[in-house]
Each structure stands twice: as structure tokens, then as C-alpha cells.
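Q: Structure provided below as C-alpha cells; questions to follow.
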Amino acid sequence: MMACLFGWRNYCNYEPIAGERGLPKDISDELSQLLGDPPTCSWIGLWEIERIDWGETANEIDSRTSFYDSDGNYVKKAAGFSLPVSNEDEGYMNRVRGGDEVTVTLTDDYFGFEAGDEVTLVRELRDREYARSDGWRRIFNEMRELADEYGGEGNVRLVAVAMG
């Protein structure tokens, strides 16, 4: 979601909704003192969140590779890696990077797969809904509750700060 909203660790290649805006101009003195001058921060208003097109796809395919088991079940994502595969499968990552869906057979145990298991690798386009986990749904719902209490969506925003 940080990639979707702010462009941080944007492996999915989303166009950020609220890129590097810095801290809001009207932030409280207390919060300003607490945060200091963080190198990476931004904010987004509830009014902007409410207008996100969750079906919008990213600009490019995910830079990570998705792993699927032999039944077609999604297992995990990974960035750079090399799998234990036979010599005839050499060059499989070049094909995956080129946009192909590639199935290889593992020669050793890897990521919870056993030697002999087939693994399908693909880089995929992601829509914004992919980023909206249950935890983020709860945060957005809490923001709506605050808006109900404090005079509408124009009065609620999320400030995000990357510390360290």
C-alpha cells in the first residue's frame, strides 16, 4: 500500500496517488517536534483515498517474480534469486524477465518446495486492489469513522513517515 499511495518500495510500479509531499503545512507543533525533519514523508487525505480506482493497473509489470505451485496456487513473491534447476532450464529468468510464464522442475528443496516439484514463475501486472489488505481496509474504515466524528472527509488525513 505504501507503493500504491506514496511510491515507496514500488516493486509493483504503481503511479503513486500522493508521492513525496513532505509533512502537511498545518501539522501541529507537537507532532512537528516529535518527527523533526524526516527524510521521507508524505500524506494523503481521506477524500483522495475515497476516489482511488482500485481496479487501475500499474504502469509496468511487478519487478518481483510470483511463484505458483503445480496446482496453480500462488505461493510467494521474490526479487533476485536463482533456483536449483537442471541444466536444460538454464536461462529461465531471462524468459521470465521478458514476460514469459515459465515452469521449471526443482533439483533441490527451495522455499518450502521439495526437489522434483514444479514451480511456475511469472511477473504480473498488479491492480491497486492487490495492495489493499485487510489491515489497510481497517485503517481506511477508521479514517471514515473519524470523518463522521470530525466534520467530513476533508478533515482526515493519513501522514506516513519512513523512519530509519
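The values are calculated or read from the model by the stated rules, or taken from the named source; none is laboratory data. Computed from a predicted model, the values in this text were never measured in an experiment. Here the Cβ positions follow ideal geometry from the backbone for every residue, glycine too, while neighbour counts run over all protein chains shown. Side chains included, ligands, DNA and RNA excluded: accessible areas come from the protein's heavy atoms. Shrake-Rupley method; radii C 1.70, N 1.55, O 1.52, S 1.80 Å.
Q: Between the helical axis of 134-149 and the dominant principal axis of the chain, each derived from Cα atoms, what acute angle in degrees is found, rounded to the nearest 10?
A: Its long axis makes an angle of about 10 degrees.
Q: For Arg97 and Tyr11 in the same chain, what is the full-extension length gain: residue separation times 0.36 nm, less their Cα-Cα distance, in nm?
A: Working: separation 86, 0.36 × 86 = 30.96 nm, distance 1.37 nm.
Length gained between Arg97 and Tyr11: 29.6 nm.
Q: Where a ≥ b ≥ c are the square roots of the eigenvalues of the C-alpha gyration tensor, would you call the stretch 89-142 rounded, which needs a/c under 1.5, or, failing that, prolate if a/b is larger than b/c, or oblate? Don't skip to the answer; put the middle values down first.
A: Numbers: a/c = 5.14, a/b = 1.97, b/c = 2.62.
Note, shape of the stretch 89-142 comes out oblate.
Q: Run the accessible area of the chain with a 1.4 Å probe and give the carbon-and-sulfur part as a rounded percent.
A: The nonpolar share, carbon plus sulfur, comes to 43 percent.
Q: List, largest first, the extents of the alpha carbons of the stretch 63-105 along their principal axes, each in whole Å.
A: 25, 22, 17
Q: Just to confirm, what accessible area per residue do you get for the stretch 24-162 at 1.4 Å probe, in whole Å²? All intermediate terms of the calculation are to be shown ahead of the outcome.
A: Values: 8410 Å² over 139 residues.
With all protein chains present, the stretch 24-162 gives 60 Å² per residue.
Q: What is the packing order of peptides 30-37, 124-131, taking the mean over residues of other C-beta atoms within 10 Å and listing the highest first? Let's see the in-between values first.
A: Numbers: 30-37: 10.1, 124-131: 17.2.
Answer by packing, highest mean first, reads 124-131, 30-37.
Q: Shifting gears a bit: Taking a label point 7 Å from the Cα of Asp53 along the Cα→Cβ vector, which residues of the stretch 1-37 have an amide N closer than 18 Å to it?
A: Label zone hits: 4-6, 13-19.
Q: Output wanted: per-residue J couplings in Hz (rounded whole) for the stretch 40-51, from phi through Karplus 6.51 cos²θ - 1.76 cosθ + 1.60, θ = phi - 60°, x for Gly and Pro.
A: Taking θ as phi minus 60°, the curve returns 10, 7, 7, 8, 9, x, 4, 4, 6, 4, 5, 10 Hz for the stretch 40-51.
Q: Along the Cα-to-C-beta direction of Asp108, a point sits 7 Å from the Cα; which residues of the stretch 54-79 have their amide N less than 20 Å from that point?
A: From the stretch 54-79, the list is 78-79.
Q: Is there a quick way to get the dipole size of the chain? I mean about its Cα centre, with the Cβ of Lys and Arg at +1 and of Asp and Glu at -1; what is the value in debye to the nearest 20?
A: Details: 17 positive and 33 negative charges, 104 e Å.
In total the dipole reaches around 500 debye.
Q: Using square roots of five times the C-alpha gyration tensor eigenvalues, list the equivalent-ellipsoid semi-axes of the stretch 5-108 in whole Å, biggest first. Don't skip to the answer; put the middle values down first.
A: Numbers: eigenvalues 332, 54, 27 Å².
Equivalent ellipsoid of the stretch 5-108: 41, 16, 12 Å, largest first.
Q: Bin width 10 Å, origin at 0, all Cα-Cα pairs of the stretch 117-160: what percent of pairs per bin?
A: Once binned at 10 Å, the Cα pair distances of the stretch 117-160 give 22, 33, 23, 12, 8, 2.
Q: Further question on the same structure: Along the charge dipole of the stretch 9-164, pointing to its positive end and built from +1/-1 on Cβ of Lys, Arg, Asp and Glu, which listed residue (Phe67, Leu35, Ile17) has its Cα farthest out?
A: It is Leu35, whose Cα lies furthest towards the positive end.
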